[in-house]
Amino acid sequence: MKILVTGGTGFVGSHLIRELIKEKDNTVYALIRDRKKLEFLDFKAGINVIDGDLFESAAFPSDIEMVFHLAALTKTIFPQEFIHINHDGTMSLMDKLRPLKKLQKVVLLSSLAAAGPNRQSLCSGEGMPEKPISLYGKSKLAQEKIFQEHCPAPYIIVRAPIVFGPGDLDMLTAFRILRKGILPLLGRKDRQYSVIYVTDLVRGMLAAASSRCQNETFYIANPEPIAWEKFMRTASQLMGIKQMRKIIVPEMLAWFLAELAEIHIRFFKKKAIFNRDKFHEMQFPFWTCSAIKSRSMLHFQPLFPIEIALSETIRWYQEQNLL
């Protein structure tokens, strides 16, 4: 099968491409904005590079049969960039896909942020009304709407919760703080999150792509949510930390730190995962989703227990001398 991947040099995209090129019958094309990023990836010899981005690029091969759209901003210096890349970029991609007459399916990697936090039930289902609370979440929901209204082929939307694993740098700061024997927690509320190991997320995306399902939305997540404190304590045990000091960070202090982070981002023009938008998400204690639909319709279940997935993640950080 001839497959196009956008966002292939990113965290999830690189794992997806590694799986796709394992199949000898697959010919994988990757839309690459910066070829320098390929220098550090082990699959560069196994793909066909299409130079460009979502707005301007070389022509796509006319016989592309499947597309995985992962290119998106998760953090930015200027908030309007979320709409420009996640919304406008996706609309531009739709225009590029219309001439592809052999296109069978398009898979979008979206986010639980598009639906927003839980307000009424323990776990959000795919059919519940979306109420995103962050600029990122609103841009991802807008991206989904484009697929629903303009996709020229059958589509699948995969919503992911917190994703972690080898190659993820967003979780690194939290692990570095843990390494010092410190466990910071926002407020005193119990905070529950759905999570997914990156290898399992890729398996779920491939299951959705190869299924007969069309024009559906799926959450790909571990069946049971996990408390953030338990998640981090498990990581600390795997790092061999014997004593952990728990620090409760008041929400007012966290808001002040988010303001300082915004100033730092604007002044140094350097992207960061923590800002006022992220703090607004963190205020809500339940970000959980149901995995029932993906289990029943895709016959998908995660393979990696939390302990093993965290162990593999920590090992990668250590091998890269990041911890």
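Hey, does the stretch 8-21 have a residue that's among the charged types (D, E, K, R), within 16 Å of D168 (Cα to Cα) and within 22 Å of the chain's Cα centre (by Cα)? Break it down stepwise before answering.
Within the stretch 8-21, the first condition is being among the charged types (D, E, K, R), and the residues that meet it are 18-19.
Then drop every residue that is not within 16 Å of D168 (Cα to Cα), which leaves 18.
Checking the rest, the ones that are also within 22 Å of the chain's Cα centre (by Cα) come to 18.
The answer is yes; a qualifying residue exists.
If we keep just the residues of the stretch 192-246 that are out of contact with any helix residue (DSSP H, G or I) (no Cβ under 9 Å at 6 or more places or on another chain) and within 30 Å of Y155 (Cβ to Cβ), which is surrounded by the fewest Cβ atoms within 10 Å (Cβ to Cβ)?
The extreme case among them is R212.
If you go through the stretch 289-305, how many residues are polar (S, T, N, Q), free of Cβ contacts under 8 Å to residues at least 40 places away in the same chain and part of a loop (DSSP other than H, G, I, E, B)?
Initially, the stretch 289-305 is screened for residues polar (S, T, N, Q), giving 290, 294, 296, 301.
Add one more test, that the residue is free of Cβ contacts under 8 Å to residues at least 40 places away in the same chain, and what stays is 296.
Keeping just the survivors that are part of a loop (DSSP other than H, G, I, E, B) gives none.
Adding up the residues that qualify gives 0.
In the stretch 158-177, which residues are touching a Leu at 6+ places or on another chain (Cβ under 9 Å) and either outside any helix (DSSP H, G or I) or surrounded by fewer than 18 Cβ atoms within 10 Å (Cβ to Cβ) (or both)? Steps first, answer last, please.
Within the stretch 158-177, the first condition is being touching a Leu at 6+ places or on another chain (Cβ under 9 Å), and the residues that meet it are 158-165, 169, 172, 175-177.
Once the filter is applied, which keeps residues that are touching a Leu at 6+ places or on another chain (Cβ under 9 Å) and either outside any helix (DSSP H, G or I) or surrounded by fewer than 18 Cβ atoms within 10 Å (Cβ to Cβ) (or both), the stretch 158-177 yields V158, R159, A160, P161, I162, V163, F164, G165, L169, L172, R176, I177.
For (1) more than 25 Å from G187 (Cβ to Cβ); (2) surrounded by 13 or more Cβ atoms within 10 Å (Cβ to Cβ), each residue gets a yes or a no:
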| residue | (1), (2) |
| --- | --- |
| M252 | no, no |
| K270 | yes, no |
| Q301 | yes, yes |
| L323 | yes, yes |
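Might you let me know whether the stretch 240-261 holds any residue that is among the acidic types (D, E) and either in contact with a Gly (Cβ under 9 Å, 6 or more places away or on another chain) or part of a loop (DSSP other than H, G, I, E, B) (or both)?
yes
Could you say whether any residue in the stretch 85-99 is modelled with pLDDT under 95, within 14 Å of the chain's Cα centre (by Cα), closer than 26 Å to Q192 by Cα and surrounded by 15 or more Cβ atoms within 10 Å (Cβ to Cβ)?
Among the residues of the stretch 85-99, not one is modelled with pLDDT under 95, within 14 Å of the chain's Cα centre (by Cα), closer than 26 Å to Q192 by Cα and surrounded by 15 or more Cβ atoms within 10 Å (Cβ to Cβ), which makes the answer no.
Do you know which of the residues in the stretch 43-84 that are acidic (D, E) and part of a loop (DSSP other than H, G, I, E, B) is modelled with the highest pLDDT?
E65
Are there any pairs with C-beta distances below 6 angstrom linking a residue in the stretch 138-151 that is free of Cβ contacts under 8 Å to residues at least 60 places away in the same chain to a residue that is among the acidic types (D, E), with the two at least 6 apart or on different chains, and if so which?
Correct list of pairs: L141/E130.
Report, by residue number, each residue of the stretch 147-157 that is surrounded by fewer than 20 Cβ atoms within 10 Å (Cβ to Cβ) and in a helix (DSSP H, G or I).
Q148, E149, H150, listed by residue number.
For the stretch 128-144, enumerate the residues that are basic (K, R) and part of a helix (DSSP H, G or I).
K138, K140
The values are calculated or read from the model by the stated rules, or taken from the named source; none is laboratory data. The structure displayed is predicted, hence computed values, not measured ones. Note that each Cβ is placed from the backbone with ideal geometry, even for glycine, and that neighbours are counted across all protein chains shown.
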